[in-house]
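Structure, as structure tokens:
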Amino acid sequence: INIIEDCPYYIWVPNSFTPNNDGKNDEFKIVTENLESYQLMIFNRWGELVFQSNISTNAWNGTFKGKEVAEGIYTYRVKFSYYEQKNLVNKIKSGSIRLVK
């Protein structure tokens, strides 16, 4: 028996983080593998863009314009693409994250 696992990409989004500088879970970072492109956007409850990155290894530290943001729920949207059987596939994943202090 041969088991072949074909996983064209991997993306995992945590649902909360605690930017309190204790060295544990201080940044919000999406874990990815095998992506061709990546764009993360995080919005506050008024729809204002508070963080954006095109580099999947970048993390949000819970600040906006150099100041700590309020505890609460933030919305994220990540646009990404990957190759599946030589075809480029574009996807969007969105949801919410909780910033806990």
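With a cut-off of 11 Å on the backbone N, the residues of the stretch 9-35 near the modelled label site 7 Å out from residue 100 along Cα-Cβ are 15-19. The share of accessible area on the stretch 1-90 that comes from carbon and sulfur is 45 percent, using a 1.4 angstrom probe. Put simply, the amide H of residue 50, placed in the peptide plane, has neighbours under 5 Å in 42, 43, 44, leaving out anything fewer than 5 places away on its chain.
Here the Karplus curve 6.51 cos²θ - 1.76 cosθ + 1.60, taken at θ = phi - 60°, turns the phi angles of the stretch 50-57 into couplings of 9, 7, 8, 8, 9, 10, 5, 8 Hz, with x standing for Gly and Pro. A full extension of the chain between residue 67 and residue 9 corresponds to an added length of 17.4 nm, given 0.36 nm per residue minus the alpha carbon distance. Accessible surface for the chain, divided over its residues, is 70 Å² per residue with a 1.4 Å probe. Note: relative contact order over the chain, using C-alpha pairs below 8 Å and six or more positions apart, is 29 percent. Can you tally the net charge around residue 78? Count Lys and Arg as +1, Asp and Glu as -1, for every other residue whose Cβ sits under 9 Å from the Cβ of residue 78. Residues near residue 78 contribute +4 overall.
The values are calculated or read from the model by the stated rules, or taken from the named source; none is laboratory data. Owing to the predicted nature of the structure, the values given are computational and were not obtained by experimental measurement. Cβ: placed from backbone, ideal geometry, glycine included. Neighbour counts: every protein chain shown. Ligands, DNA and RNA are stripped out before the accessible areas are found, and what is left, the full protein with its side chains, is counted by its heavy atoms. Shrake-Rupley method; radii C 1.70, N 1.55, O 1.52, S 1.80 Å.
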